Amino acid sequence: MADSYYNPADLRKFGKITEWSEEIGNKFFDYYGKVFEEGALSAREKSLIALAVAHVVKCPYCIDAYTKDGLQKGITKEEMMEAVHAGAAIESGATLVHGVQMMNKYNKLSM
């Protein structure tokens with residue numbers, strides 16, 4: 001069986017992005033850390049949002065990371081799947097609503 005393009009071990013190397021651009025990499029990680037602190041939303045809620053977004057942007061590293069993070073925060077498999085479906089519904093709706101643009105263009109060109 002061929003190796004996957006995405007190597008799960010690479011997730012552990014994420015912090016190394018600062019090696020080639022230390023200032024910007026550190027600023028990113030400062031921002032990233034701040035975003036996931038407790039605030040108006042709990043860290044648990046943010047983890048669910050991150051998991052849903054990870055699926056929408058199709059990031060296998062993020063899916064792995066936020067599945068693990070969610071488990072550590074007590075998020076159930078049912079809650080995770082519901083969050084994934086919420087993300088999928090928004091992604092599908094965003095695709096379909098662009099059908100209106102196609103319909104408008106078609107109507108304009110076929111006049």
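The values are calculated or read from the model by the stated rules, or taken from the named source; none is laboratory data. What you are looking at is a predicted structure, and each value in this text was computed from that prediction instead of being measured. For neighbour counting, all protein chains shown are included, and Cβ atoms are generated from backbone atoms with ideal geometry for every residue, glycine included. SASA here: full protein model, heavy atoms, side chains in, ligands and nucleic acids out. Shrake-Rupley method; radii C 1.70, N 1.55, O 1.52, S 1.80 Å.
Structure notes:
- Selection within region 1-10 - of a type outside the set (Gly, Ala, Ser), in a helix (DSSP H, G or I) and open to solvent by less than 80 Å² (accessible area, probe 1.4 Å): Asp10
- Tally, over region 67-93, of residues that are within 11 Å of Val53 (Cα to Cα), touching a residue at least 24 places away in the same chain (Cβ under 8 Å) and open to solvent by 60 Å² or more (accessible area, probe 1.4 Å): 2
- Test: residue in region 65-87 that is among the aromatic types (Phe, Trp, Tyr) and more than 20 Å from Pro8 (Cβ to Cβ): no
- Residue list for region 13-38, filter: out of contact with any helix residue (DSSP H, G or I) (no Cβ under 6 Å at 6 or more places or on another chain) and hydrophobic (A, V, I, L, M, F, W, C): Phe14, Trp20, Ile24, Phe28, Phe29, Val35
- Residue list for region 11-59, filter: more than 20 Å from Gly70 (Cα to Cα) and either part of a loop (DSSP other than H, G, I, E, B) or among the charged types (D, E, K, R) (or both): Lys13, Lys16, Glu19, Trp20, Ser21, Glu22, Glu23, Lys27, Asp30
- Condition check for Leu109: exposed (fewer than 11 other Cβ atoms within 10 Å of the Cβ) and either of a type outside the set (Asp, Glu) or within 28 Å of Tyr5 (Cβ to Cβ) (or both): yes
- The set of residues from region 33-58 being open to solvent by 30 Å² or more (accessible area, probe 1.4 Å), under 11 Å from the mean Cα position of the chain (by Cα) and not basic (Lys, Arg) comprises Leu48, Ile49, Val53, His55, Val56, Val57.
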